[in-house]
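First the structure, in the form of structure tokens, and then the observations on it.
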Amino acid sequence: MIKTMHLLRWICLSLGVAFFLMPLISTAKFSLSLRRDGYSLDAYRYVFADPDFISSFSYSALIALCTIFVGTVLVVPTVYLVRLRLPWLRPVVEFIVLLPLIVPPIILVFGYVRMFSSSSLIPLTGTSRGSDILLICGYVTLALPYLYRAVDTGLQAINARVLTEAATILGARPITIITRIILPNIMVSVLSGAFLTFAVVISEFVMASLLTRPAFGPYIQRVGVAKAYEPAALVILSFFITWTAMGLVQILARFSPPVRRESK
Amino acid sequence: MNLVASSAKANAALHLSGVIKRFGGHEVVRNLDLEVRKGEFISVLGPSGCGKTTVLRMIAGFEYPTTGRILIDGRDVSRLRPDQRNLGMVFQSYALFPNMSAAANVGFGLKIAAMADRDIQRRVAEMLELVGLTGLERRFPYELSGGQQQRVALARALAKKPAMLLLDEPLSALDAKIRLSLREQIREIQTELGITTLFVTHDQEEALSMSDRVAVMNSGRVEQFGTPLEIYNRPATRFVASFVGTLSVLKATLLDPASGSVEVATATLKNLELPQGLARGDHLSLAVRPEAIRFGARKGDAILRGKVTGVGFYGSVIRVRLIVGNETITIDTFNTQLSSPPSRGQDVDISIDPKSMFVMRAE
Amino acid sequence: MRMPRRTEVSLSEKEVAELGISKPSELPITQRASALRRLDWSALIGVAPFFIFALVMMVAPTVALIANAFVDQQGHLTFGNFADLNTPEVTGAFAESIRLSAASAVLGAVIGLGLALNVGRGIGSTQVRSIVMTFCGVASNFSGVPLAFAFVATLGRLGLVTAAIKAAFGIDIYAAGFDLASFWGLTVTYLFFQIPITVTIMMPAIDGLRRDWREAASILGASSWQYWRHIGLPILWPSLLGTLALLFANSFGAIATAYALTGYAVNIVPILLYAQIRGDVLHNENLGAALALGMIIVMAFANAIYLVLRTRAERWLR
Ligand SMILES: Nc1ncnc2c1ncn2[C@@H]1O[C@H](COP(=O)(O)OP(=O)(O)O)[C@@H](O)[C@H]1O
Ligand SMILES: [Mg+2]
């Protein structure tokens, strides 16, 4: 009786594993099947030889880095100051961070297209530099929940209040405290938020497409419509990137100090 | 079922015989024998990690003994599931169901037993009154204080009129004040209901003050099972002596086995009760309770001289530490307004009644 | 390298509390009012960029869009846009979106809960558990265009599994009515991220089920089934409903997967909106705004349910 239960459990788990592995296996097999006479890496070779691949991927990577930079600069001081000196602002910040859940990317970018159209006061969509800025802002919005959570738990774990009090007693100025004491101590959290952001942003489609940016997500989509085997190779690559980024997040989690409750 | 065994132990509410429990290769409970009479309040006392919880969990049915048998009211329950044993249990963490009100928690066992709603209500009201929580029926666990939660848990455990009540360190998570009052309340309720109770604790004061009998455990074994008085005054082993209460130990050398005289630091003591089989020149340890020592030199007692190193004030009791030779001795004296305690650095005489000393062979 | 412990640098929170020193965050209401008058200006300047960003890049575009929904093409205030939304195409899109979100949310929550219970409780292996959790962390972020093409390679007309089923059972699933670029095809594809999201949210809740509760129930006479019926599932219920709402919102707002998989073949709200933004298919700019507002309302509703239920779940499991 107990044995059958146990067997049943493993069967259920195996079904689950199959559901999640089949798409990966199929795609991998597909990506290797470009030649009729056996498996080959030709699909990957073609992908890497495509100048659009190089340009779109590096464009998206660059945008992702900008997103991470802007996001960090916006989030870290805010979370720190709200935690220590402006606790009454906390509910407002929490609400703002939740906004992306209620306003999905497509609506946000719709708003951008309207508000910053070439006939508006700030005609950002008129130039490609302006559109890049809009894309970065959109991605920062997407990344906000991840970055905020990561930094907030990080600050809680190092007991930022005590560190700050100690540093203040020793005569450190606020800017020095943030850059020399707080930031190095929550580097692990910031990095894991950054990797998560990278994974989310690198193959994002809707915003890039509606802002007509030459990004990686729309590129995959275009290739997918036109070709058979190359998109499979691109999927494997993109899965590999996501996996690496998330793997790094997991590894970083091991290095972060255990969460200590700051209040109560 | 073994009829001979069951008739012989007919008046035992709980009988453990030869119970051994291994986790992997590690023997956590070693050959345990224990017999509890109906209506008794028994404490299982021991340091943390000695296997108390494991014993309780085996009685409850959450773990099965590797070997040995557990009889409840003469019935062998060793292999029964927890829900077939009709026991009540109170956990250190309260373990109240967070999705149910206090009343629903107390009534849960009755509902499972398919009792009629009206009867459940009556019984729940009765139980909440017993633990002094009338009026809090509709509160949820997160709306109750720790002490209140534990009383709900007690009511829940008792609602089904179980054959026996098991408590695993029920007071450890509570504040000192509540711990004291709840301790008394538990004992009162137990006496009122006359229910056989097994109370696990690592707090010797709890065990001694509440129980009819105490089982002192050490690394999986029961070292002594007896009344609080016996445990305290006549500890059976060195472990029991040192774990229960405070002991001061003096090194001594045996001078004469016949007259019971030994040499301690600066003095010679006479008329000690010695264990068998000692010879002249043996090294001994003399252990003594803090309250068995008096200040001043009294005739007939062993008299020693020492220097006071510290004085601690505990309300009704004053605890003085002093050095005799190389040994530190702890003395408790009542805080009567007449006496003034000695001060640090002072040299004082102390007297010890030889009969209150435990003499052991030195390690 | 482990972070050095720093608590000994200064008084712990508890000590501070015991000494009766109140911290700024814990001032009683009356004192807070006077604290408001002495605003911490330097700190406010520090958080200003964040709030300006939120205002300009998040709130303003959304509010402007919502305002547009109440304006006609000449700029007059009107509710006509909502009346104009009442076309078969739009109502059909909402119906299909809600059906799709509901189906993928319910299936994702049920299967995900089963998987989480199985891994968290049934198979008592910490290794299996940690592998599953890591994988779910990745899979819940693996959506959009790549996911769509992975499923094309699997269950598309030439997909590996499609071919395998044909070879093994002689069934052509496409002849039998299945189509990846259809309602059920999308639902199955969405499950690839809906299930892992459920697992990552429900696992902590399942861990929150304490062994004591199970034991207390069993010693009170409850069978394993009765434990789940009266205690286990009721405790998980708020988290599960909350997850359901989150999954619903998640798939309601998702477009990349659906677009890559079906193009414009499936009529759901985000794809309709996408087409509208690209080419004004509704022939009225402000109709698009009204469509967006409808979407925001559905999403806000679902997320409000999620947040309320999460609060309740946390209160219980504290
Ligand atoms: N399920 C278990 N598996 C392995 N070892 C256990 C288990 N339960 C308890 N132990 C071990 O048994 C010993 C006694 O535990 P316990 O009965 O909880 O002690 P106590 O309640 O006296 O503190 C401890 O060393 C503990 O680590
Ligand atoms: Mg224990």
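Residue check, B:Ser145 against (1) closer than 20 Å to B:Gln92 by Cα; (2) open to solvent by less than 20 Å² (accessible area, probe 1.4 Å); (3) out of contact with any Leu (no Cβ under 6 Å at 6 or more places or on another chain), all met but one. Which one?
Condition not satisfied by B:Ser145: (2).
Counting just the residues of the stretch B:23-39 that are under 12 Å from B:Gly68 (Cα atoms) and open to solvent by 30 Å² or more (accessible area, probe 1.4 Å), which one comes out farthest from ligand 1 (Cβ to nearest atom)?
B:Asp33
Does any residue in the stretch B:44-57 that is within 14 Å of chain C (Cβ to nearest Cβ) and in a helix (DSSP H, G or I) come within less than 8 Å, Cβ to Cβ, of a residue that is near ligand 1 (Cβ under 6 Å from one of its atoms) and of a type in the set (A, V, I, L, M, F, W, C) six or more places away or on a different chain, and which pairs are these?
Going by the 8 Å Cβ cut-off, the qualifying pairs are B:Thr54/B:Val28.
Which one of these does B:Ala173 not meet: (1) within 16 Å of ligand 1 (Cβ to nearest atom); (2) open to solvent by less than 40 Å² (accessible area, probe 1.4 Å); (3) part of a loop (DSSP other than H, G, I, E, B)?
Against the list (1) within 16 Å of ligand 1 (Cβ to nearest atom); (2) open to solvent by less than 40 Å² (accessible area, probe 1.4 Å); (3) part of a loop (DSSP other than H, G, I, E, B), B:Ala173 comes up short only on (2).
Quick one: is B:Ser248 more than 14 Å from chain C (Cβ to nearest Cβ), within 16 Å of ligand 2 (Cβ to nearest atom) and over 14 Å from the mean Cα position of the chain (by Cα)?
No: the conditions fail for B:Ser248.
Kindly evaluate B:Gly49 against the criterion of being surrounded by fewer than 23 Cβ atoms within 10 Å (Cβ to Cβ) and more than 16 Å from ligand 2 (Cβ to nearest atom).
no
Among the residues of the stretch C:197-247, what is the count of those that are β-branched (Val, Ile, Thr) and open to solvent by 10 Å² or more (accessible area, probe 1.4 Å)?
Of the residues in that region, 3 qualify.
Could you please find all residues in the stretch B:47-67 being small (Gly, Ala, Ser), near ligand 1 (Cβ under 10 Å from one of its atoms) and on the phi < 0 side of the Ramachandran plot?
B:Ser48
Taking the criterion of being away from chain C (no Cβ under 14 Å), open to solvent by 10 Å² or more (accessible area, probe 1.4 Å), more than 16 Å from ligand 2 (Cβ to nearest atom) and in contact (Cβ under 8 Å) with a residue 60 or more places away in the chain, would at least one residue in the stretch B:182-189 satisfy it?
Yes, the stretch B:182-189 contains a residue that is away from chain C (no Cβ under 14 Å), open to solvent by 10 Å² or more (accessible area, probe 1.4 Å), more than 16 Å from ligand 2 (Cβ to nearest atom) and in contact (Cβ under 8 Å) with a residue 60 or more places away in the chain.
Only residues that are closer than 15 Å to B:Leu14 by Cβ and either open to solvent by 10 Å² or more (accessible area, probe 1.4 Å) or within 12 Å of ligand 1 (Cβ to nearest atom) (or both): list them for the stretch B:196-214, please.
B:Val200, B:Ser211, B:Asp212, B:Arg213
For the stretch A:150-159, check the following and say yes or no: at least one residue is in a helix (DSSP H, G or I) and over 21 Å from the mean Cα position of the chain (by Cα).
yes
Does A:Pro105 count as within 12 Å of chain C (Cβ to nearest Cβ) and either in contact with a Ser or Thr (Cβ under 9 Å, 6 or more places away or on another chain) or more than 28 Å from C:Leu191 (Cβ to Cβ) (or both)?
Criteria met by A:Pro105.
Output the residue which, of all residues in the stretch A:186-208 that are open to solvent by less than 10 Å² (accessible area, probe 1.4 Å) and not aliphatic (A, V, I, L, M), is farthest from A:Thr244 (Cα to Cα).
A:Phe205
Any residue in the stretch C:262-284 that is in the same structural domain as C:Ile98 (by TED's automatic domain parsing) sitting within a Cβ distance under 6 Å of a residue that is assigned to a helix (DSSP H, G or I) and among the β-branched types (Val, Ile, Thr)? List the pairs, counting only those 6 or more apart or interchain.
C:Pro270/A:Ile106; C:Leu273/A:Ile106
Here are some residues: C:Asn250, C:Asn303. Which one is in the same structural domain as C:Trp213 (by TED's automatic domain parsing) and open to solvent by 10 Å² or more (accessible area, probe 1.4 Å)?
Exactly one residue qualifies, and that residue is C:Asn250.
Applying the selection to the stretch C:277-297, what residues are farther than 17 Å from C:Ala64 by Cα and within 10 Å of another protein chain (Cβ to nearest Cβ)?
Selection gives C:Arg278 alone.
Which of (1) within 16 Å of ligand 2 (Cβ to nearest atom); (2) in contact with a Gly (Cβ under 6 Å, 6 or more places away or on another chain); (3) small (Gly, Ala, Ser) does B:Ala159 not meet, given it meets every other one?
(1)
Given the condition at the interface with chain C (Cβ under 9 Å from one of its Cβ atoms) and under 28 Å from C:Thr154 (Cα atoms), answer yes or no: does some residue in the stretch A:174-197 qualify?
Yes, that holds for at least one residue.
Select the helices (runs of 4 or more DSSP H) contained entirely in the stretch C:80-150, then report the ones holding at least 3 residues which are touching a Ser or Thr at 6+ places or on another chain (Cβ under 9 Å).
Here the list reads C:88-117, C:126-139.
Would you check which residues across the stretch A:41-97 are open to solvent by 60 Å² or more (accessible area, probe 1.4 Å), among the hydrophobic types (A, V, I, L, M, F, W, C) and assigned to a loop (DSSP other than H, G, I, E, B) and list them?
Result: A:Leu41, single match.
Of the conditions (1) within 28 Å of A:Val97 (Cα to Cα); (2) within 22 Å of the chain's Cα centre (by Cα), C:Ala67 satisfies every one except a single condition; which number is it?
Condition (2) is where C:Ala67 drops out.
If A:Ser118 satisfies every condition in (1) closer than 27 Å to A:Arg213 by Cβ; (2) in contact with a Phe, Trp or Tyr (Cβ under 9 Å, 6 or more places away or on another chain); (3) more than 8 Å from every other protein chain (Cβ to nearest Cβ) but one, which is the exception?
(2)
Among B:Arg79, B:Arg69, which is away from ligand 2 (no atom under 14 Å from the Cβ), part of a strand (DSSP E or B) and surrounded by fewer than 18 Cβ atoms within 10 Å (Cβ to Cβ)?
B:Arg69
What's the number of the condition B:Pro98 fails, among (1) facing chain C (nearest Cβ under 8 Å); (2) outside any loop (DSSP other than H, G, I, E, B)?
Every condition holds for B:Pro98 apart from (2).
Give the residue, chosen from B:Val214, B:Val200, that is at pLDDT 95 or above and more than 16 Å from ligand 2 (Cβ to nearest atom).
B:Val214
State whether the residues of the stretch B:68-89 include one that is of a type outside the set (S, T, N, Q), within 14 Å of chain C (Cβ to nearest Cβ) and within 16 Å of ligand 1 (Cβ to nearest atom).
yes
Within the stretch C:217-232, is even one residue touching a strand residue (DSSP E or B) at 6+ places or on another chain (Cβ under 6 Å) and of a type in the set (A, V, I, L, M, F, W, C)?
Within the stretch C:217-232 (the criterion being touching a strand residue (DSSP E or B) at 6+ places or on another chain (Cβ under 6 Å) and of a type in the set (A, V, I, L, M, F, W, C)), the answer is yes, since at least one residue qualifies.
The values are calculated or read from the model by the stated rules, or taken from the named source; none is laboratory data. Please read these numbers as outputs of a predicted model, since none were measured by experiment. Backbone-built Cβ (ideal geometry, glycine too); neighbour counts: all protein chains shown. Remember, those area values only see protein heavy atoms, side chains included, never the ligands or the DNA or RNA. Shrake-Rupley method; radii C 1.70, N 1.55, O 1.52, S 1.80 Å.
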